[in-house]
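Contents: one structure, followed by commentary.
The values are calculated or read from the model by the stated rules, or taken from the named source; none is laboratory data. This one's a predicted model, so the numbers in the text were calculated from it and none came from an experiment. Positions of Cβ are generated from backbone atoms using ideal geometry, with glycine treated the same way; all protein chains shown enter the neighbour counts. What goes into the accessible areas is simple: the full protein's heavy atoms, side chains included, and nothing from ligands, DNA or RNA. Shrake-Rupley method; radii C 1.70, N 1.55, O 1.52, S 1.80 Å.
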Amino acid sequence: MNKLYLILAVGLAFISCDDKVVVVQDSSGRLNDILIVIENSDWDGPLGDAVRKEFARPLDGIVREEPMFTLNHVKPSAFEGRLKKSRNYLFLKKSDSSGVSVKKDLYANPQLGVVVRGKDKKDIARVISENADDMIAIFNTGEVARKQYLMDKVALNTDRLKDRFGFEIIVPRAYRFATYNGELDNNFFWLRRDIKEGTMDIMIYEVDRNRIKRSDSTVLDIVKVRDSIGKAKILTDGGPFQTEPAFSPYVNESQIDGKFAFETKGTWEIKDMFVAGPFVNYAIYNKQKDNWLIIEGYVSAPSSKQRDYLFEIEAILKSVHFLEKKKE
């Protein structure tokens, strides 16, 4: 099982020869929904609890707890017709062997199916627990790609970002380039989307390499950078826009378009005001410039659910594609 992630990745491109070839049709289902194929009695028991524990984990940074995925379930005998066209499904089945396999576009297109096999219920639960992170990553990657595909159909012209920073990014036309004190800043870009409950915002800027170090204090470096920018660039009706000091953000090493990046998820606040929300921040090391490109998105919608908003921001940030510098 140590090489499961590689096996899952390969499974996205190939379907085993044992699978029957079918004519694929358009899939259905909301983003971040997974259909769990499991017997009703198992869904209401320990096996269902094992699924919910992993795939309905609370998201990092969201003030009020929300699940990573919305889970619906159906018994195997009912997994037919329209339900079989669900874009994401997790099928649990008893088998002589234990393991995980990935089925891509088997019954519809696009579609991602993950089949978990075990010798009995306890064994299936074990396989889920041991491989949950990899399976979640597979589903999340597919959902981000789907969201980017949909956003690209209604994309905003972001040539000014390409000219200034040398990258392309997919941003829906629902966003606009905002100004600070009525003026555009060529070193700090602020994109905003008005939503019914508030706003969704994206900030893009660069900082010197020595501002963020790969060490035990990385999270503190990132907080100092974003708080200094928030105080200087984001106008509020109260105190400065800053990282919520009571909760340390989650920092992981990641990649954006093949470049090393720190991924930071946490909660922002406006000091001395009862206003807060989630943010996701990527500090991307740009070797050509020997500096950090900071791309961050945050949601201000205190009275509403925020998972889907934050997911859209994540999909936007992960769409960054650096352009090769033309040789002179």
Exception for Ile270 within (1) under 13 Å from Gly61 (Cα atoms); (2) at pLDDT below 95; (3) in contact with a Ser or Thr (Cβ under 9 Å, 6 or more places away or on another chain); (4) surrounded by fewer than 21 Cβ atoms within 10 Å (Cβ to Cβ) falls at (1)
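Run down Val22, Val63 and say which single residue is under 19 Å from the mean Cα position of the chain (by Cα), within 26 Å of Lys147 (Cα to Cα), modelled with pLDDT under 95 and among the aliphatic types (A, V, I, L, M). Explain how you work it out, then say what you get.
Working: Val22 fails: under 19 Å from the mean Cα position of the chain (by Cα).
Residue meeting the stated conditions: Val63.
Please count how many residues of region 157-188 are assigned to a strand (DSSP E or B) and buried (at least 20 other Cβ atoms within 10 Å of the Cβ). Let's see the steps before the verdict.
Step one: filter region 157-188 for residues assigned to a strand (DSSP E or B), giving 167-168, 172, 176-178, 180, 183, 185, 188.
If we keep only those that are buried (at least 20 other Cβ atoms within 10 Å of the Cβ) as well, we get 167.
Total meeting the criteria: 1.
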So, first residue in contact (Cβ under 8 Å) with a residue 60 or more places away in the chain in region 32-45, second residue assigned to a loop (DSSP other than H, G, I, E, B), Cβ within less than 7 Å, six or more apart or across chains; the pairs are Asn32/Phe69; Ile34/Phe69
Kindly indicate whether any position in region 236-257 is under 20 Å from Glu206 (Cα atoms), small (Gly, Ala, Ser) and exposed (fewer than 14 other Cβ atoms within 10 Å of the Cβ).
-> no
Determine whether Asp194 is in a strand (DSSP E or B) and surrounded by fewer than 16 Cβ atoms within 10 Å (Cβ to Cβ).
-> yes
Is at least one residue of region 300-312 charged (D, E, K, R), out of contact with any Ser or Thr (no Cβ under 6 Å at 6 or more places or on another chain), surrounded by fewer than 22 Cβ atoms within 10 Å (Cβ to Cβ) and over 19 Å from Arg193 (Cα atoms)?
-> no
Could you list, in sequence order, all residues of region 46-71 that are open to solvent by less than 60 Å² (accessible area, probe 1.4 Å) and in a helix (DSSP H, G or I)?
-> Leu47, Gly48, Ala50, Val51, Glu54, Phe55
Would you confirm whether any residue within region 204-214 is touching a Leu at 6+ places or on another chain (Cβ under 8 Å), closer than 21 Å to Trp292 by Cα and among the aliphatic types (A, V, I, L, M)?
-> yes
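Looking at Val225, Val207, can you tell me which residue is more than 17 Å from Val63 (Cβ to Cβ), of a type in the set (Val, Ile, Thr), over 16 Å from the mean Cα position of the chain (by Cα) and part of a helix (DSSP H, G or I)? Before you say what the answer is, go through the steps one by one.
Details: Val207 fails: part of a helix (DSSP H, G or I).
Within the list Val225, Val207, the selection yields Val225.
Among what's in region 72-117 and is hydrophobic (A, V, I, L, M, F, W, C) and over 22 Å from Asp133 (Cβ atoms), pick the residue that is surrounded by the fewest Cβ atoms within 10 Å (Cβ to Cβ).
Going through region 72-117, the residues hydrophobic (A, V, I, L, M, F, W, C) turn out to be 74, 78-79, 83, 90-92, 100, 102, 106, 108, 112, 114-116.
Filter again for over 22 Å from Asp133 (Cβ atoms), leaving 74, 78-79, 83, 106, 108.
Numbers: Val74: 19, Ala78: 12, Phe79: 16, Leu83: 16, Leu106: 20, Ala108: 21.
Selected residue: Ala78.
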Can you tell me how many residues in region 198-229 are under 20 Å from Ile313 (Cβ atoms), crowded, with 19+ Cβ neighbours inside 10 Å and either charged (D, E, K, R) or out of contact with any strand residue (DSSP E or B) (no Cβ under 6 Å at 6 or more places or on another chain) (or both)?
-> 2
Tally, over region 118-156, of residues that are more than 19 Å from the chain's Cα centre (by Cα), open to solvent by 60 Å² or more (accessible area, probe 1.4 Å) and under 23 Å from Ser97 (Cβ atoms) | 7
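Scan region 25-45 residue by residue and report those that are outside any loop (DSSP other than H, G, I, E, B) and at pLDDT 95 or above.
Keep residues of region 25-45 that are outside any loop (DSSP other than H, G, I, E, B), which gives 26, 28, 33-37, 40-43.
Asp33, Ile34, Leu35, Ile36, Val37, Asn40, Ser41, Asp42, Trp43, listed by residue number.
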